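Inspection log for the structure reproduced underneath, given as structure tokens.
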Protein chains: 2
Amino acid sequence: MPGNKLEVLDSIFYPRSVAVIGVTESSDRVGYNLLQSLIYSGFQGKIYPIHPRLESLQGLPVYRSLEEVPGPVDVAVIGVNQFATVEVVEQCGKKGVKGVICVAGGFREMGPAGKALEERLIAVARQYNMEVVGPNTLGLINTRANLNATFYPLRLPSGKVSFVSQSGGVGLTILHKAMDEGLGVNKWVGVGNRSTLELSDYLEYLARDDSTAVIGVFVEGTDDARRLVQVAGEVARRKPVVFYKVGRSDTVNLAAVTHTGSMAGSYQMYRQILQQFGLLVVENALEMMAACKALAMAPIPRGNGVGVVTHTAGPSIVLLDEVNLRGGVFPPFAESTMDRIKEVLGQNPPVVLKNPLDAAGQGMQAAAIGRLVEAVLDDPRIDLLVAIYCLHLNWRCPTPELLAAQKRSGKPVVALYISTQEQVREEREVLHSRDIPVYITPEEAAWGVSALLHYALQRGGISR
Amino acid sequence: MPGNKLEVLDSIFYPRSVAVIGVTESSDRVGYNLLQSLIYSGFQGKIYPIHPRLESLQGLPVYRSLEEVPGPVDVAVIGVNQFATVEVVEQCGKKGVKGVICVAGGFREMGPAGKALEERLIAVARQYNMEVVGPNTLGLINTRANLNATFYPLRLPSGKVSFVSQSGGVGLTILHKAMDEGLGVNKWVGVGNRSTLELSDYLEYLARDDSTAVIGVFVEGTDDARRLVQVAGEVARRKPVVFYKVGRSDTVNLAAVTHTGSMAGSYQMYRQILQQFGLLVVENALEMMAACKALAMAPIPRGNGVGVVTHTAGPSIVLLDEVNLRGGVFPPFAESTMDRIKEVLGQNPPVVLKNPLDAAGQGMQAAAIGRLVEAVLDDPRIDLLVAIYCLHLNWRCPTPELLAAQKRSGKPVVALYISTQEQVREEREVLHSRDIPVYITPEEAAWGVSALLHYALQRGGISR
């Protein structure tokens, strides 16, 4: 990617000033919400609403045109229709705007006339050395700059995971799921029609972005699949990339064409190539979230050996099943580990001593869990530990014990706290802040664990 | 199943009196929590805590032994260890108790000595014509009787779905997920070692239980797979059954043996047979919940034709993909439907007119959504409608429109409201109370829709 594109993308994600074109007084309209999103997210740069007649909007002075804006404008967010969009982009070029975010649909995805219009849009952008986010997009978000340049006013907790989504709606699903899961988001972009900025361009930018630790990608289809996969493969050597490609059924390929105007391509082909390039492929938005959470919070393990400490066997069996299908192994414990477990549980413990370790009754006591978790983490064949605990009205969670054990061993610890999202919130906040991802279902925990194991093996970790 | 077993099961689920054996003053202990669960869930029958020395516990008078209890005891919940359990069950027999819930592990799953102990337990139960829930179980719940006979004090909203789980922990996962999803639960049982009551016995009981509309089953493995599947198949002709069988990987079969002492059997064999018997098979707890929710709330459609109205294409493509893989179809709209859609969107709408219908900008307005949804529901090839909407700070949800359209057409409507669980709660409550299941991710919506289509075709519905 040319250096210029990277620089422009940096201006787009970290603008000093944003103009909003198409603002109105009606909160029904996209333009109103583009402006409100910027204010609501606490953007600290300059905001210039543009409208030919209004004096002020949402407490900000309004400018009659881009020309009248006193200082430079890094980014213009454009909420007018597709025809007006092209005109406005030309004005942006004249003003020296670096990047435009074009929300309107009605371009390439609408057939020949739309395609011609999009070609004009591209030509104008090229003429002025601008980059276009979209068109036909929800916009983009950068929590590091308190920037929400979409028409969905949201307040997102900041974090280390960035998302590139070919669908605004699926991207929104992921954002909401992240909020539910207590996972902070770094950057987010709905790529839309990718008129000048390809999925791979955003990936290359995020690869170089120090505040992004993990990248999630949602893809419907692209004409440029080869380059996308190659770039993603390169990026994945620097930081984990999680790929969600829709289109396992045949019908969906047709549907995707009329959405973003690009062929979806065979799912199996995509999947195989993605895996060849070392990328982690997930099958739904829930698995995407579970994988990104683990990769953003826990360190990458040294190998694919998983140890489990639980007081309830069923969830550990579900976890074992899911992780096993994805290449994880559950090594038997070393003799010395068994001895330490017996010490905790008594000489004739009423449980079968194996991995997963079901400590039954004793496994409900936080102190016992702590000692078992330490013993298992010390086992040389165990690279990652999952602690399973069902939240209980009268019993204390083993949160301090897990924190201490993880700190002592340095190995990744994943917590499966069976609970509701609401009841787990407080414990989760503590654990999340100290590198322990928390899940409330065994399947999601397994998807998170499997993501860590995938990148362990990709990084040359030990296959046990 | 003999009539006696049914009658006893009825006494177990709807006891007039419950004795709790093994109660203590320490809230750490299982016995304490068995008692608290009964009180916490608001059980209105008689509760008799039994302890040799204590005078009162948690505000209730304590009896020194079962013998001293003045009236009859329908059910005894037993929280003592495995050895004492057998003794207590004998006392229960003498007292005329109908059913015992045995929490302790340490039986069949622990090898020959445990197996011998469990055989004694069974012999005692047979001698006195009692049935045993468990042993090695969390217990059972019946929200219709405000009965929580587990050691997890919970307050569950009541509803139409009942669960039979071979794992307490997975069963708890499902209960918590149900709370998160706003889905009411009817009955719930952790079957444990199934010493006298098999999975199929509970299924037969729930098949006859009028307040149960849908049954979810989680299975690790059973010696009696043939009978289980046959019974489940018969039950599924009366009410929908959703099956979650763990064990797609080989390793897990071994793990299941040491948990509940039964062979898991080949997953593929299970799956094929379950499907032959017309049962819906799901692959994880999230799909289980999504399927049960749809089946509990929406009517079964007349065929497998799905219509979608959305303002964001991506989620509809994900939905299409998932539903398509599970046998659903998305028929093209009739000419008359197209005409009505054009009327709503204008003569030259900036969208491609097809199913799924992406109404883009106009699809954000509740009134327009309402008219589009009505048009699509009137289409003779559409048996079920999915309305997709992203919750927005400034825009009203199309909740009243969906309610009106569903009422008018009588066809099932499913809402995909992209949001967090918290933000969607209010709208969801309204929709759930009026037969419209609400999901927040496209995949879960698709799993719910697919469950409805499965039972549509099972009931002889039209395959479009």
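Coordinate-derived values only; no laboratory data. Every value quoted in this text rests on a predicted model; they were computed, and no experiment measured them. Ideal geometry is used to build each Cβ from the backbone, glycine not excepted, and the neighbour counts take in all protein chains shown.
Shielding by partners for A:436-444, please: the mean number of other protein chain Cβ atoms within 10 Å of each residue's Cβ.
Taking all residues of A:436-444 together, the mean is 4.
On the principal axes of its Cα set, how long, how wide and how thick is the range A:384-464? Give whole Å, largest value first.
Its Cα atoms span 43, 27, 20 Å along the three principal axes.
Could you pull the copy-to-copy label distances for residue B:230, with points set 7 Å along Cα to Cβ, in nm to one decimal and sorted shortest first?
With the label placed 7 Å along Cα→Cβ, residue B:230 yields 6.2 nm.
State, to one decimal in nm and shortest first, how far the label point of residue A:14 sits from each corresponding label point in the other identical copies (label point: 7 angstrom along Cα-to-Cβ).
Counterpart label points of residue A:14 in the remaining copies fall at 6.9 nm.
How large is Rg over Rh for the protein assembly as shown, taking Rg from the Cα atoms and Rh as the Kirkwood inverse mean of 1/r across Cα pairs?
Result for the protein assembly as shown is an Rg/Rh of 1.00.
So how far, in whole Å, is the C-alpha centre of the range B:401-435 from the one of the range A:108-158?
32 Å
Determine the percent antiparallel among the DSSP beta bridges restricted to the protein assembly as shown, to the nearest 5.
Roughly 15 percent of the beta bridges in the protein assembly as shown run antiparallel, per DSSP.
How high is the FRET efficiency between residue A:126 and residue A:396 when r is their beta carbon distance and R₀ equals 56 Å, given to the nearest 0.05?
Efficiency at R0 = 56 Å is approximately 0.35.
Helix-derived [θ] at 222 nm for chain A: sum -39500 (n - 2.57) over DSSP H runs of at least 4, divide by residue count, nearest 500?
-13500 deg cm²/dmol
Which one of A:304, A:360, A:387 has its Cα pushed farthest toward the positive end of the charge dipole of the range A:304-461, where Lys and Arg give +1 and Asp and Glu give -1 at the Cβ?
So the residue furthest toward the plus end is A:304.
Rounded if a/c is under 1.5, else prolate if a/b beats b/c, else oblate: with a ≥ b ≥ c from the C-alpha gyration tensor eigenvalues square-rooted, which is the range A:77-158?
In terms of gyration-tensor shape, oblate.
Could you list A:180, B:201 so that the one with the fewest beta carbons within 10 Å of its beta carbon is first and the one with the most is last?
Final ranking by Cβ density, sparse to dense: A:180, B:201.
Nm distances between the label at residue A:367 and the same-position labels in the remaining copies, 7 Å along Cα→Cβ, shortest first?
The projected label point of residue A:367 is separated from its counterparts by 6.8 nm.
Separation between the residue A:94 and residue B:404 pseudo-spin-labels, each 7 Å from Cα along Cα→Cβ, expressed in nm?
Each label point is offset 7 Å from its Cα along the Cβ direction, giving 4.7 nm.
Pull out a ≥ b ≥ c, the square roots of the eigenvalues of the alpha-carbon gyration tensor of the range A:1-129, then state rounded if a/c is under 1.5, prolate if not and a/b is larger than b/c, and oblate in the remaining case.
oblate
Pull up the cross-link candidates among the lysines for residue B:46, meaning alpha carbon to alpha carbon under 24 Å and not fewer than 8 places away within one chain.
Output for residue B:46: B:5, B:94, B:95, B:98, B:187.
Please compute the length gained on full extension between residue A:6 and residue A:68, using 0.36 nm multiplied by the number of residues separating them and subtracting their Cα-Cα distance.
19.5 nm
In Å, what Kirkwood hydrodynamic radius results for the range A:312-464 from the alpha-carbon pair distances?
15.7 Å
Quick one: go through the range A:69-98 and flag any residue whose amide nitrogen is under 19 Å from the point 7 Å out along the Cα-to-Cβ line of residue A:116.
Counting only backbone N, you get A:82-88.
On a C-alpha basis, how far is the centre of the range A:296-342 from the centre of the range A:182-214 in Å? Whole number, if you could?
If we compute the Cα centre of each part, the gap is 33 Å.
Would the range A:335-411 count as rounded, prolate or oblate if I go by the C-alpha gyration tensor, calling it rounded below 1.5 in a/c and otherwise prolate when a/b exceeds b/c, oblate otherwise?
oblate
Report, as an integer, the average count of C-beta atoms from other chains found within 10 Å of each Cβ along A:162-175. Working shown, then result.
Numbers: counts 0, 0, 0, 1, 3, 8, 6, 16, 11, 4, 8, 13, 2, 2.
Whole-number average of other-chain Cβ neighbours for A:162-175 is 5.
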